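Participant: First the structure, then my questions, so here it is.
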Amino acid sequence: MSHNARTDLRTSFALFAVAWFATTHSHAATNLVWQSGAGFRFAALPVPTGGQAGFTLLPPGETGEIVYRGPSTMSGYLHDEDATDQAFAHGWFHSGDVGRFGDDGVLWFTDRHKDVIKTGGENVASIEVEKAVYAADPRVGGVDADPRVAEVVVVGLPHQRWSEAVTAFVVTKPGERIDAAELIAALKTRLDGFKVPKSVIFVDQLPKTSTGKIQKNVVRSGHAAHYAATDHEATPGDASSDHATPDHATPDHGG
């Protein structure tokens with residue numbers, strides 16, 4: 001929640017919003033920000049970068065992996081010293097999440113580190129593209145403002161030229177259809193060119209865990225051969241449909 005939104009809640013409804021962040025590994029909130037933007041952090045969450053070359057704490061506004069430490073943080077993984085040593089490198093627990101601190105002290109989650117797409121030398125947050133797909137539904141803002149996108153997941157699939165190609169898997173609401181070319185055109189107005197999906201694949205459903213979380217790893221592995229199967233240079237504006245074209249043929253819409 002933005003600082004302006006928290007201020008509006010206080011002035012309009014006398015409500016004080018608190019932004020907080022926690023994980024199952026810490027068993028408690030690890031970052032807390034009060035209405036004024038000031039606050040405290042149970043585990044002083046810095047955002048590091050570097051990898052094997054080193055460990056650098058980043059200033060507000062810069063993006064890196066979220067790490068934390070404190071008395072409530074777990075002590076390690078049961079009977080797995082190697083995993084524990086890796087997770088607690090440099091004395092901080094590495095969450096695998098990517099984020100940044102705003103100037104007001106709020107910790108903004110960007111993506112899971114493993115879900116960041118590396119395409120053509122650029123890093124793309126899958127969540128950013130997913131949000132853009134929801135927002136770019138061609139019907140939004142029209143006479144009928146109900147979006148036709150029921151669910152979307154964006155992953156990187158192996159590609160000979162791009163290393164990973166940004167690919168969107170879309171589930172439409174029952175009885176609805178979306179023109180992929182229109183969707184891609186709308187995305188081009190909302191995203192930098194390298195973030196626009198190379199293909200939009202329409203599916204009937206997405207694989208999920210027992211708790212309802214979409215399994216991006218299953219999507220990636222199940223469609224790893226997509227661009228090899230299409231046998232052409234994927235360009236933003238391509239589209240395919242699992243329930244319309246079982247062989248994953250990808251008609252080229254140009255772009």
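Participant: With θ taken as phi - 60° and the coefficients 6.51, -1.76 and 1.60, list the Karplus ³J(HN,Hα) couplings across the range 56-63 in order, rounded to whole Hz; mark glycine and proline as x.
Facilitator: Listing the rounded values in order: 10, 7, 9, x, x, x, 9, 9 Hz.
Participant: Full extension from LYS188 to ALA224: what is 0.36 nm times the residue separation minus their Cα-Cα distance, to one decimal in nm? Don't jump to the answer; show the numbers that get you there.
Facilitator: Values: separation 36, 0.36 × 36 = 12.96 nm, distance 2.47 nm.
Using 0.36 nm per residue and subtracting the Cα-Cα distance, I get 10.5 nm.
Participant: Multiply the residue separation of ARG112 and GLN205 by 0.36 nm, subtract the distance between their alpha-carbon atoms, and state the gained length in nm to one decimal. Write down the numbers at each step before the final one.
Facilitator: Details: separation 93, 0.36 × 93 = 33.48 nm, distance 2.19 nm.
Roughly 31.3 nm would be gained on extension.
Participant: Still on this model: For the peptides 209-220, 122-133, what is the packing order when you average, over each peptide's residues, the other Cβ atoms within 10 Å and list the highest mean first?
Facilitator: Working: 209-220: 12.5, 122-133: 19.5.
So the peptides 209-220, 122-133, ranked by packing, come out 122-133, 209-220.
Participant: What is the sum of charges, Lys and Arg at +1 and Asp and Glu at -1, for the other residues whose Cβ falls under 9 Å from the Cβ of VAL166?
Facilitator: Working: positive: LYS195, LYS198; negative: GLU164.
Neighbour charge sum, excluding VAL166 itself: +1.
Participant: Related question: Could you tally the net charge around ASP111, taking each other residue with its Cβ under 10 Å from the Cβ of ASP111, Lys/Arg +1 and Asp/Glu -1?
Facilitator: Working: positive: ARG112, LYS114; negative: ASP97, ASP115, GLU128, GLU130.
Combined, the nearby Lys, Arg, Asp and Glu give -2.
Participant: Another one. Using the Karplus curve 6.51 cos²θ - 1.76 cosθ + 1.60 with θ = phi - 60°, work out ³J(HN,Hα) for each residue of the range 100-112 in order, rounded to whole Hz, and write x for Gly and Pro.
Facilitator: My calculation for the range 100-112 gives 7, 8, x, 5, 8, x, 6, 8, 9, 7, 9, 5, 6 Hz in order.
Participant: Still on this structure, please answer the following. Whole-Hz ³J(HN,Hα) for each residue in the range 164-179, computed from phi via Karplus 6.51 cos²θ - 1.76 cosθ + 1.60 with θ = phi - 60°, x for glycine and proline: what do you get?
Facilitator: So the J values, rounded to whole Hz, are 10, 9, 5, 9, 9, 10, 10, 10, 8, 5, x, x, 9, 9, 10, 7.
Participant: So, one more: Using a basic spin-label model with each label point 7 Å from the Cα along Cα→Cβ, how many nm lie between ASP8 and ARG161?
Facilitator: A separation of 4.2 nm, rounded to one decimal place.
Participant: Name the residues whose placed amide hydrogens come within less than 5 Å of the amide hydrogen of ALA150, ignoring near sequence neighbours (fewer than 5 apart) on the same chain.
Facilitator: VAL171, THR172, LYS173
Participant: For HIS90 and ARG177, what is the calculated FRET efficiency with R₀ set at 51 Å and r taken between the beta-carbons, to the nearest 0.05?
Facilitator: Values: r = 50 Å, r/R0 = 0.99.
E(calc), rounded to 0.05, equals 0.50.
Every number here is computed from the coordinates shown, using simple stated rules; none is lab data. Every value quoted in this text rests on a predicted model; they were computed, and no experiment measured them. Because the Cβ atoms are built from the backbone with ideal geometry, glycine has one as well, and the counts that use them run over all protein chains shown.
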